[in-house]
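Below: one structure, written as structure tokens.
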Amino acid sequence: MNFLIFAATFYTLVLIGMYLLQTKLVYPGSEIRTKPELYGGVGVQEITLTTSDGIELTHWYQPARKTGYPVIVAFHGNAGHTGDRLQKLSYLTELGYGLFQVEYRGYAGHGGTPSEQAFKNDGLDAMEWLKSQGYTDEQLIMYGESLGTGMAVWLASRHAVKAVILEAPYSSIADVAQSKYWFLPARFLLKDKWKSHEAIKNVKAPVFIFHGEKDGVIPVQFSRKLLKAIPGQKQAAFFEKGFHMDLYDHGAEKDVTAFLEKYVSSQ
């Protein structure tokens, strides 16, 4: 009897701890970010926008090098910041596309508490700024990496963007959490569920998904589940030896470029 009481108490404490710590687990944040030049970002403009709750967020922007080319709006994963991804995405600007790297509250030295609703509101602010610069939805491409794929899908479900690119996406954060913490009712404990498999049903733009078969952070099965939910044009590349953060080491640049040439630059 004593063992059962101890086990039940321990399990309850784990449940409470997971619930209280979930913000840090989902959004671990990052260290302070310095100027773009220190990450190789020559010519990158810093765009500071004030959120509705008074937080200043500084995003990074590079206009398109080629006339008429869209701007790629990029959302990074749940660790690090825009500086960590700048070199990885530099081939996109070399191809002629613009690049708007969205930064998150609670990351890169910014104030505020991360949450799904706050991120979505901040993403809408970024879209409004781009529109104030004269860009239409048709001149924007959503690019999401890991956690950021939820932002890319959600915004694409609300805006008639040109295309969507998803690097190591998920069907929902609830699916991922439940697979990792199978011994807990994780999907019911989560405040932020990021239901991309539902939002993507409203995406009209062509979608490209790429994922590593050996990904231990977001299992590839959830990427395939998302792929099945896409109602329109779609392409995918699954890298047999790929993990979570090394997909460009396995040739992802070639596949992304081919997708863009087919659905964007050729039109």
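Odds and ends about this structure:
- Label reach from THR23 (point 7 Å along Cα→C-beta): in the range 119-145, amide nitrogens under 14 Å belong to 119.
- Classification of the range 78-180 by its C-alpha gyration tensor yields a rounded form. The axis ratio a/c (a ≥ b ≥ c) stays under 1.5.
- Taking every protein chain into account, the 1.4 Å probe leaves THR51 with about 10 Å² of accessible area, to the nearest ten.
- The chymotrypsin sites (Phe, Trp or Tyr not before Pro) of the range 157-259 that DSSP puts in a loop, and whose beta carbon has at most 14 other beta carbons within 10 Å, are TRP182, PHE183.
- Solvent-accessible surface of protein heavy atoms, probed at 1.4 angstrom with all chains present, puts LEU4, LEU38 in the order LEU38, LEU4, largest first.
- Net charge over other residues, Cβ less than 10 angstrom from the Cβ of ALA236 (K, R count +1; D, E count -1): +1
- Anchor LYS254: lysines whose Cα lies under 18 Å away (excluding residues fewer than 8 positions away in-chain): LYS88, LYS234, LYS241, LYS262
- Based on C-alpha pairs under 8 angstrom that are at least 6 apart in sequence, the range 142-206 has a relative contact order of 39 percent.
- Mean separation of Cα contacts under 8 Å, 6 or more apart, over the residue count of the range 53-167: relative contact order %: 30 percent
- Cα-based helix-to-principal-axis angle, 116-132 vs the chain, degrees rounded to 10: 10 degrees
- Under a model in which nothing but the beta-carbon of Lys, Arg (+1) and Asp, Glu (-1) is charged, the range 84-123 shows a dipole of about 40 debye around its Cα centre.
- Solvent-accessible heavy-atom area per residue, rounded to whole Å², over the chain at 1.4 Å: 46 Å²
- Relative contact order (percent, whole number), the range 135-267, Cα cutoff 8 Å, 6+ residue spacing: 23 percent
- Solvent-accessible surface of protein heavy atoms, probed at 1.4 angstrom with all chains present, puts LYS234, LYS254, LYS201 in the order LYS254, LYS201, LYS234, largest first.
- From the alpha carbon centroid of the range 205-232 to that of the range 138-175 is 11 Å.
- Dividing the helix sum by the residues of the chain, where each DSSP H run of 4 or more adds -39500 (n - 2.57), gives a mean residue ellipticity at 222 nm of -10500 deg cm²/dmol.
- Close amide H partners of ALA163, meaning residues 5 or more places away or on another chain with modelled amide H under 5 Å apart, are MET142.
- Length gained when the stretch ILE32-GLU261 is fully extended (0.36 nm per residue, less Cα-Cα span): 78.9 nm
- For the pair ALA160 and TYR91 in one chain, pulling the backbone fully straight at 0.36 nm per residue adds 22.4 nm over the alpha carbon distance.
- Applying 1/(1 + (r/R0)^6) with R0 = 25 Å to the Cβ-Cβ distance of LYS241 and GLN221 gives a FRET efficiency near 0.90.
The values are calculated or read from the model by the stated rules, or taken from the named source; none is laboratory data. Note that the coordinates shown come from a computational prediction; the quantities given were computed from them, not determined experimentally. Cβ coordinates were reconstructed from backbone atoms using ideal geometry, including for glycine residues, and neighbour counts include every protein chain displayed. Protein only, heavy atoms only, side chains kept; ligands, DNA and RNA dropped before computing areas. Shrake-Rupley method; radii C 1.70, N 1.55, O 1.52, S 1.80 Å.
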